[in-house]
Amino acid sequence: MAGNFFAAVGASVLNLCAEVGGILTLLFRVLICLLPPRFDLDETWRNLHKMGVRSVPIIVLTAFFTGGIMVIQAAVFVKKFGATSLVGWGAGYAVFREIGPMLLGLMFSGRVGSNNTAELGTMVVTEQIDGLRALSIDPVRYLIVPRVLSMIVMLFLLTILGDVVAIVGAALFGTVLADVSLASFWVSFSQNVHVADVTHGLIKAAVFGFIVALTSCHFGITVKGGAVGVGRAVNNAVVAAALGIVLSDYLLTYALP
Amino acid sequence: MIHCDGLCLQLTHRPVLADVTWHIEAGSVWGIIGPPASGKSVLAKTLCGLFTPRQGRLIVDGVDLPGLPEPDRVRVRRKMGMLFQNNALFDFLRVLENVAFPLARQNPKMPQDELVARAQERLRAVGLSGSEEKWPSELSGGMKKRVGIARATICNAPVLIYDEPTAGLDPVTTSKIYDLLTGLRQKHASTVIAISSDIPALRHFVDHILFLHQGRIRYCGPESGLEACEDPVVYQFVRGQTEGPL
Ligand SMILES: Nc1ncnc2c1ncn2[C@@H]1O[C@H](COP(=O)(O)OP(=O)(O)OP(=O)(O)O)[C@@H](O)[C@H]1O
Ligand SMILES: [Mg+2]
């Protein structure tokens, strides 16, 4: 009984180490392709479009309501204490530093990361990756590097867009629900939110993009065993990305100004 | 052209190829046959360096392929065209782009219209004119196979490996495909390795046969000698008998 338990724990730990090792190996191979940069520009362009442009609607929607929800939650206390001069600052600070990058990162992982894992995994099980290798094309250089770059760039840009939309959402909801005029929202926002708050969040966004990219690509290209394997890989990739985002968020919050 | 000496390969801790010793002369046409899961496809992939054998030597055109790191295998793979068993068409590219892809990668400076013309010519040869703009997912099984053949042959590589070139095709199309492959071979004097379970059609096309069973060679020699082979597995398989060791 106890033996079984320890065997199971041991197997899980070994498994975890193998995955982490796989991700680090992939990271190493991606870096080799980037120093000096040698990768496929067409493929990068295609991915930027697919991952970025097509994510705009969902990101805008999420960000708008996130901004709004924060004000709805705060509205009760804002009214009770008459703290209208804090709404702009509160919304800006929370959105820029934490809620924006974190929520959009998770959203991005669900939309783009899982799609990426499924796509790469399907390419593995239908021998397309072998097909590329047989044509002397390095799958890391041709498929992985463009995806990693696209995800970092696009999560960064989408977070800028999301931040703006969330603030607009917060201001509108504040006017309607908490009787905070747009002017006082703006004064509170512009006087208290600093550039450092924005850069703090954007650095996080780039790191989250990198984490989503590495985990989704790693689980995608290591798929084994048909459609079931692809399903399992997508599942693992999303869980790993979420864990990575939360952990790195914790560390970055300490490390960044 | 290709020399295998005592090749052994394991996949997921199971032996898949055992002591394969095989010499392929330039310009010869080989057929690989054998029961399912005997390692035919794995052997084909090993020949173009997609699997690295655990033991033995594999020399392709004078180069020790397994000894090369992945990036350096490029110069060997450029000499090979491969049709995969399940075609491995790139589903992010249209039919024409799929066929032109190897050519475009090998000749980055080739003008676009020449690429398109060469790909269209190859599609016409496999009887698929008019399907240029389709996506692979919109094709039938036989059409996919023919696109795969067009892609494998477009670079006129000196070594061509076809894994099941006629699986799922009717007898008429099968004959047409073998005529096409024969024509290509004569025109470019290429070395050809074909895997097929359609043994009568295959035997018309090849002049040598390699018989694999559980990763081991059971027969390796001229096509005409297959009938006379006394190995019980080969005997039963070639005659399609139900009684026997298989
Ligand atoms: N990528 C792989 N990983 C692990 N095992 C594999 C892999 N590819 C093939 N095998 C195993 O190797 C053995 C030989 O497979 P192979 O695909 O070469 O058979 P085959 O002779 O081509 O059969 P068929 O006629 O059905 O195509 C099988 O037992 C298969 O399970
Ligand atoms: Mg096979």
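The values are calculated or read from the model by the stated rules, or taken from the named source; none is laboratory data. No experiment lies behind these values; they were computed from the predicted model shown. Here Cβ is always computed from backbone atoms with ideal geometry, including for glycine, and neighbour counts include all displayed protein chains. Ligands, DNA and RNA are excluded from the accessible area calculation, which covers all protein heavy atoms including side chains. Shrake-Rupley method; radii C 1.70, N 1.55, O 1.52, S 1.80 Å.
Only Cα pairs under 8 Å and 6+ residues apart enter the sum, and on that basis the relative contact order of chain A stands at 32 percent. Rounded to the nearest 10 degrees, the inclination of helix A:195-221 to the longest alpha-carbon principal axis of chain A is 30 degrees. Residue order by solvent-accessible surface for A:41, A:149 is A:41, A:149, largest first, with ligands and nucleic acids left out and a 1.4 Å probe. Please work out whether region B:131-171 counts as rounded, prolate or oblate from its C-alpha gyration tensor, where a ≥ b ≥ c are the square roots of the eigenvalues and a/c under 1.5 means rounded, while otherwise a/b larger than b/c means prolate and anything else oblate? It is oblate, given that a/c is not under 1.5 and a/b is not larger than b/c. In chain A, the DSSP-assigned H stretches of four residues or longer account for a calculated mean residue ellipticity at 222 nm of -27000 deg cm²/dmol, using -39500 (n - 2.57) per stretch and the full residue count as denominator.
Between chain B and chain A, the total buried accessible area stands at approximately 1700 Å², from heavy atoms with a 1.4 Å probe. Tell me, what is the FRET efficiency for residue A:168 and residue A:24 to the nearest 0.05, using R0 = 51 angstrom and their Cβ-Cβ distance as r? So, using R0 = 51 Å, E works out to roughly 0.80. Heavy-atom accessible area, probed at 1.4 angstrom with all protein chains present, ranks B:208, B:23, B:213 as B:23, B:208, B:213, highest first. Apolar share of the accessible surface for region B:6-83: 52 percent from carbon plus sulfur atoms, 1.4 Å probe. Anisotropy class assigned to region B:7-83 is oblate, per the alpha carbon gyration tensor with a/c at or over the 1.5 cut-off and a/b no larger than b/c. Applying the Kirkwood pairwise sum to the alpha-carbon positions of the protein assembly as shown produces a hydrodynamic radius of 26.2 angstrom.
Note on chain A: with charges restricted to the Cβ of Lys and Arg (+1) and Asp and Glu (-1), its dipole about the Cα centre is near 100 debye. Once the Cβ-Cβ distance of residue A:8 and residue B:68 is raised to the sixth power relative to R0 = 35 Å, the FRET efficiency obtained is 0.30. Solvent-accessible surface of chain B, averaged per residue with a 1.4 angstrom probe and all protein chains in place: 45 square angstrom. In region B:90-106, the residues that give up 30 Å² or more of accessible area when the other protein chains are added, compared with the chain on its own (1.4 Å probe), are B:90, B:91, B:92, B:101, B:105.
Across chain B, the longest piece that holds none of the GluC sites (Glu not before Pro) lying in DSSP loops with up to 13 other C-beta atoms within 10 Å covers B:26-132. Taken about its Cα centre, region B:91-152 carries a charge dipole of roughly 260 debye when the Cβ of each Lys and Arg holds +1 and the Cβ of each Asp and Glu holds -1. Loop sites here are trypsin sites (Lys or Arg not before Pro) outside DSSP states H, G, I, E and B with no more than 14 other Cβ atoms within 10 Å. The longest part of chain A free of them is A:39-223. The portion of the accessible surface of region A:40-255 made up by carbon and sulfur, rounded to a whole percent, is 74 (1.4 Å probe; DNA, RNA and ligands excluded).
The alpha-carbon positions of region A:40-255 define a convex hull whose volume is 119 Å³ per residue.
Across chain B, C-alpha contacts under 8 Å between residues 6 or more apart give a mean separation that, scaled by the residue count, equals a relative contact order of 25 percent.
When the Cα gyration tensor is reduced to axis lengths a ≥ b ≥ c, the ratio a/c is 1.5 or higher for region B:88-193, and with a/b not above b/c it is classed as oblate. Count Lys and Arg as plus one, Asp and Glu as minus one, and take only other residues whose Cβ is under 14 Å from that of residue A:98; the net charge is then -1. Panel note: contact residues of region A:112-149 (accessible area lowered by at least 40 Å² against the chain on its own; 1.4 Å probe) correspond to A:127, A:128, A:130, A:133, A:134, A:135, A:136, A:137, A:142. Pairs with C-alpha atoms separated by more than 26 Å, drawn from the list A:224/B:145; A:50/B:145; B:40/B:145; B:40/B:79; B:145/B:187, are A:50/B:145.
Neighbours of residue B:86, meaning other residues whose beta-carbon lies under 13 angstrom from its beta-carbon, give a summed charge of -2 when Lys and Arg score +1 and Asp and Glu score -1. Per-residue surface analysis assigns residue B:224 an accessible area of about 90 Å², computed on protein heavy atoms at 1.4 Å probe radius.
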